[in-house]
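Each remark here refers to the structure printed beneath this line.
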Amino acid sequence: MKNKILKLAAIPAFMLIISAAAVIAQSAHDQYGFGNRVFVIQSALEAGKSTNGLWDIPGTPNKDDGNLRGTNWLHMGLWQREAGDPEDRVFRFRAAQGSAVGRYFISIGRSGNWGVNAIDGTGKIEARSRSDHFELKHMGNGRWKIYYKSGMIIAPASPTAKNGTKLVLLPDQNGPHTEWVFFDTATNQSFIPASTSASGGNYSYKGKLEDAIASRHVGSQYFQHAVAPQFNSENSGGKLQAYLNNMDKATEQWTAILNLVNAIKQNKDTEARRSMYQAISQANIKRGSGFAENLLKGQVQKQINDASAAERDTTAKGLLSQIAGKIQ
């Protein structure tokens, strides 16, 4: 799996060197290995094509970081890359801990305290003097989704990377406009987690998603053993969602979902369980109407709720509850 290279517009190489002062203490587990790296974040719409579509804070920072001061929080957007990668264009990922373990704070600048925040009431993504924490999900090949909470992602307000396009919260969906590429400013290469970069896609479990959903017994070993990067890569086009959506009968679909849940709950990879449950929750779950559906509905809901009660990860637990609630 090869890293992408972000094209530059006449930026001297020495301006991409990270200051030695940007040393960040990692007191929590950094599962992806971001370490002390500094990144520009680019829309996957433009990655490898141009220098457009980078996260930006409005205004022009001067040497005292003028647009990172004051009390007027700034609605972030997309802009083309600038020479020197100023402080309002670079970001760091700091691992969270406690109840937010497994998530990351997105800090602005090489050493500052400002951070990226999601505003529930308006859906805006703002630069503030604090940081929210987010779930980062590697979709394969250096592309990432950024979740604020279950089912809500950071994305452009419209599916474009034009200058001035605002960043907002949107319901989870698929497509390059929902994905981001993190370019390390020291190497100018896209960041790929070591676990997937080293494997080159040769995962320890050799099964394939397309084979698993082609089987009559969809709750197969694939869902028990596939790790998150493998599933995310193989389901990048929403294959599992489409498989469930194409079922004609509610009883057939509910049974398939229950079989999937019973297999997934045995998967030891927390990120894999999250991704798989997330995919199921995104399917168009059919409503029951007849006698057979009413008989089955309560049994399916109970077993999924039992799986939710036994699940230790809060994100996966919430997704299971969401799935059970959609079976009506």
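Bear in mind that the values in this text are calculations on the coordinates, not laboratory data. Predicted model, so just to flag it, every value in this text is computed and none were measured. In this analysis, Cβ positions are derived from the backbone assuming ideal geometry, glycine residues included, and neighbour counts consider all displayed protein chains.
In the calculated pair-distance distribution of the stretch 178-309, the portion above 26 angstrom amounts to 30 percent of the Cα-Cα pairs.
Within 10 Å, count the other beta carbons around each residue, average over each peptide in 73-81, 204-212, 163-171, and list them highest first. Don't jump to the answer; show the numbers that get you there.
Details: 73-81: 19.2, 204-212: 14.4, 163-171: 16.4.
Sorting 73-81, 204-212, 163-171 by mean packing, highest first, produces 73-81, 163-171, 204-212.
Under 8 Å for C-alpha pairs, at least 6 residues apart: give me the relative contact order for the stretch 137-190, rounded to a whole percent. Before the final figure, lay out each step's value.
Values: 71 pairs, mean separation 17.9, N = 54.
RCO, the stretch 137-190: 33 percent.
Pairs of Cα atoms nearer than 8 Å and 6+ residues apart set the relative contact order; for the stretch 209-326 it is 28 percent.
Give Lys208/Lys249; Lys145/Lys317; Lys206/Lys239; Lys268/Lys297 a once-over and call out the pairs whose C-alpha atoms are over 22 Å from each other. Present the calculation step by step, with values, prior to reporting the outcome.
Values: Lys208/Lys249 26 Å; Lys145/Lys317 20 Å; Lys206/Lys239 18 Å; Lys268/Lys297 28 Å.
The answer is Lys208/Lys249; Lys268/Lys297.
Prolate is the label for the stretch 248-328, because the ratio a/c of its alpha-carbon gyration tensor axes (a ≥ b ≥ c) is 1.5 or higher and a/b is greater than b/c.
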